[in-house]
Amino acid sequence: MKIHPREVKARILLHRRMASDYFRLRLLCPEIARWAQPGQFILMRVNELRDPFLRRPFGFSRIFLPKGKRTKPEDEGVLEIYYKIVGRGTSLMTQLREGQRLDVLGPLGKGFWVSEGQKRAILIGGGIGIGPLIPWAEQLQRERRKRPPKSLEESPEVFVLIGGKNRDKILGMRELKKIGCEPQVATEDGSLGIQGLATDLLERELMTQGSKSASLYACGPMPMLARVAQIAEQFDLPCQVLMEARMACGVGACLGCAVKVKEYGSGGIPASPEPAAAGERIVPAGECGEGEMGSAKESVIPVIAEVPAFRYARVCKEGPVFEAKEILWE
Amino acid sequence: MGRGGGQKKEGPSLEIKLGPLMLKNPVMAASGTFGYGEEYAGIVPLGNLGAIITKGLSLEPRKGNPPPRLAETPSGMLNAIGLENVGLKIFLKEKMPFLRKARCPVLVNIFGARAEEYAELARKLSEVEGVAGVEINVSCPNLKAGGAIFASEARSVHQVVSKVRRATSSFVMVKLSPNVADIVKIARAAEEAGADAVSLINTLTGLAIDARTRTPILGNITGGLSGPAIKPIGLRMVWQAAQCVRIPVVGMGGIGSAEDALEYLIAGATAVQVGTAHFIDPKAGMKIVDGIQHYMRVNDISNLTELIGSLKVRRDSGPVA
């Protein structure tokens with residue numbers, strides 16, 4: 001069924017600072033929340049004025065669905081977003097007050113979907129990028145619980161890996177623990193978890209636990225996404241990434257939020273006939289140059305070495321969630 | 001949603017004649033800001049608009065410019081999409097079936113690298129059911145080989161429009177660039193070559209810089225400025241052009257409210273186009289239709305023509321032309 005985006009005036013139910021420049025905002029918008037999927041986004045005007053001019057895109061960090069029994073405001077259908085001060089628009093947002101109403105358009109774009117044959121879902125979030133992964137972890141956990149206990153070992157486990165500059169910038173821990181996830185953490189200064197990056201956690205996880213039937217879902221800064229995509233390719237794992245771009249209309253009309261994708265989409269790279277056996281060829285971190293790729297990858301190399309054929313896809317319409325192998329990483 | 005916009009049963013008529021074309025109201029969706037219509041389906045009742053002008057179309061598909069393609073500016077934005085489009089073949093096959101059902105006239109914005117390409121597009125489109133006419137894009141600033149070259153010289157505008165005129169008997173409108181020394185000369189050239197209307201203004205060429213990295217923000221370096229920031233320039237050019245040509249002038253540039261649209265009508269525009277405002281409010285166009293109607297009712301105006309070009313200028317004001 002095709003769900004058309006709704007345009008609503010959403011009331012701010014909650015607005016809190018989480019860390020130095022990270023904030024959390026809850027919006028009452030049942031019409032959007034009931035259709036919202038993890039990975040999708042809304043476009044929001046940050047005030048009633050013409051300046052800042054454009055709406056801002058935000059992914060959902062929580063989706064509270066409308067319920068029959070309504071005891072608290074969240075039961076009406078609420079979306080929560082995380083935001084970070086990056087420019088004028090987000091600076092102005094810090095002044096928003098609870099009770100105020102904002103123009104919101106959504107849900108927009110394509111969210112996450114369950115990769116085929118997945119037994120283990122590994123979610124990798126960098127900084128504020130953990131936001132959209134929280135409702136996805138929640139949904140995966142919910143589906144897991146719905147299964148009969150007998151087949152529990154066959155239903156996918158959910159692992160969450162979070163990276164950030166320091167312990168203050170690790171978000172969503174409480175929410176993730178509440179839904180039954182035990183996130184592993186990496187910080188650049190070592191103030192929480194291991195010292196390093198989210199991608200270091202990912203490599204360690206794949207090497208120690210094996211990579212069989214794992215699938216990856218990532219959201220974070222571009223260099224992190226590119227690295228996750230590289231690791232996914234190395235281990236031959238399905239991988240979805242949530243892309244960001246400067247955006248205007250949010251519905252695919254203006255063609256502003258272009259991202260390069262391989263011309264033949266997912267068919268552009270031949271899938272290896274057999275996935276590399278787990279643990280068979282473990283590459284130590286830091287030594288995974290191109291020459292170290294497993295034999296199953298050899299069919300891939302010539303395709304990539306060619307001058308890549310590409311087209312532009314709209315992040316707002318074909319994305320924001322893309323298969324990592326579709327993206328032409330530069 | 002849906003019943004609020006458009007025309008009520010009673011009240012003033014918003015119908016307007018644009019050359020040979022009859023519109024139920026003077027508010028159109030500007031090319032490049034409304035995709036192929038389908039993008040806004042379900043959000044906006046398209047039938048409430050006077051017309052939809054589709055994204056600039058070329059014979060062959062175009063990839064467009066490298067990102068970033070957008071930069072927000074004070075009360076406006078720069079874009080450098082690079083005329084990305086699906087090409088004529090896919091347009092006819094995949095986009096027209098939806099547009100035919102839109103219950104609103106469809107004008108196709110066309111461009112090419114040579115005058116012959118414009119003519120070929122116009123000829124082929126004139127045979128297509130559901131296409132009410134074309135808007136010739138001689139003025140997109142983001143294309144090295146294409147429109148911008150035609151736009152800046154009256155002679156080349158004349159040449160392109162003449163060729164298109166000979167290729168089609170349908171409605172032909174010419175979209176003019178503000179990036180010229182004398183808009184009147186260009187508008188006259190379009191009229192002499194047989195255009196049914198001119199529309200102006202397209203975007204103004206601009207540049208946005210990131211001082212931290214000392215790099216241009218746009219992948220294309222420069223882009224086209226649109227939004228409220230350019231409204232005074234649009235008004236001035238529409239006012240100038242409307243006094244010098246007999247064909248209708250369609251005004252655009254920074255229209256986001258009914259008041260903006262009314263200003264353009266008063267300056268001499270027969271109709272208006274709403275563009276960038278749709279990015280902030282998809283229903284901007286239909287709200288403007290309602291707003292114009294409200295203004296007419298309040299001011300006891302029964303026909304739009306009473307408003308068009310009604311700017312009151314004292315004889316001794318302004319510079320002597």
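The values are calculated or read from the model by the stated rules, or taken from the named source; none is laboratory data. This one's a predicted model, so the numbers in the text were calculated from it and none came from an experiment. Cβ: placed from backbone, ideal geometry, glycine included. Neighbour counts: every protein chain shown.
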ask   = On the given criteria, is B:Lys231 within 14 Å of chain A (Cβ to nearest Cβ) and in a helix (DSSP H, G or I)?
value = yes
query = Do you know which of the residues in region B:109-136 that are within 19 Å of the chain's Cα centre (by Cα), closer than 30 Å to B:Ala208 by Cβ and away from every other protein chain (no Cβ under 14 Å) is modelled with the lowest pLDDT?
reply = B:Gly112
request  = Quickly run through region A:168-196 and pick out the residues that are assigned to a loop (DSSP other than H, G, I, E, B) and in contact with a helix residue (DSSP H, G or I) (Cβ under 6 Å, 6 or more places away or on another chain).
outcome  = A:Leu171, A:Gly172, A:Ile179, A:Gly180, A:Cys181, A:Pro183, A:Ser191, A:Leu192
remark   = For region B:227-246, the count of residues that are surrounded by fewer than 16 Cβ atoms within 10 Å (Cβ to Cβ) and of a type in the set (S, T, N, Q) equals 1
task = Just need a number here: residues in region B:193-230 that are under 25 Å from A:Leu49 (Cβ atoms) and not β-branched (Val, Ile, Thr).
result = 14
remark   = Those residues of region B:68-102 that are basic (Lys, Arg) and away from chain A (no Cβ under 13 Å) come to a total of 4
task = Could you name every one of the strands (runs of 3 or more DSSP E) located completely within region A:1-116 that has at least 3 residues being within 14 Å of another protein chain (Cβ to nearest Cβ) and either in contact (Cβ under 8 Å) with a residue 12 or more places away in the chain or of a type outside the set (Gly, Ala, Ser) (or both)?
result = A:6-19, A:41-44, A:101-108
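Every residue, every condition in (1) surrounded by 20 or more Cβ atoms within 10 Å (Cβ to Cβ); (2) away from every other protein chain (no Cβ under 14 Å); (3) modelled with pLDDT under 95; (4) farther than 16 Å from B:Arg100 by Cα, yes or no:
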{"position": "B:Met1", "(1), (2), (3), (4)": "no, no, yes, yes"}
{"position": "B:Gly4", "(1), (2), (3), (4)": "no, no, yes, yes"}
{"position": "B:Lys9", "(1), (2), (3), (4)": "no, yes, yes, yes"}
{"position": "B:Pro26", "(1), (2), (3), (4)": "yes, yes, no, yes"}
{"position": "B:Pro45", "(1), (2), (3), (4)": "yes, no, yes, no"}
{"position": "B:Gly64", "(1), (2), (3), (4)": "yes, no, yes, yes"}
task = Return yes when B:Ala241 is away from chain A (no Cβ under 13 Å), in a helix (DSSP H, G or I), among the small types (Gly, Ala, Ser) and within 17 Å of the chain's Cα centre (by Cα) and no when it is not.
result = yes
task = Could you check, for region A:268-287, whether at least one of its residues is part of a loop (DSSP other than H, G, I, E, B), more than 14 Å from chain B (Cβ to nearest Cβ) and at pLDDT 50 or above?
result = no
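Every residue, every condition in (1) within 14 Å of chain B (Cβ to nearest Cβ); (2) surrounded by 19 or more Cβ atoms within 10 Å (Cβ to Cβ); (3) over 20 Å from A:Ile170 (Cβ atoms), yes or no:
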| site | (1), (2), (3) |
| --- | --- |
| A:Leu192 | no, no, no |
| A:Leu206 | no, yes, yes |
| A:Pro221 | no, no, no |
| A:Leu225 | no, yes, no |
| A:Arg246 | yes, yes, yes |
| A:Cys257 | yes, yes, yes |
query = When both residues are 6+ apart or on different chains and their Cβ atoms are under 6 Å apart, which pairs have a first residue that lies in region B:90-116 and is at positive phi, and a second that is small (Gly, Ala, Ser)?
reply = B:Arg103/B:Gly47
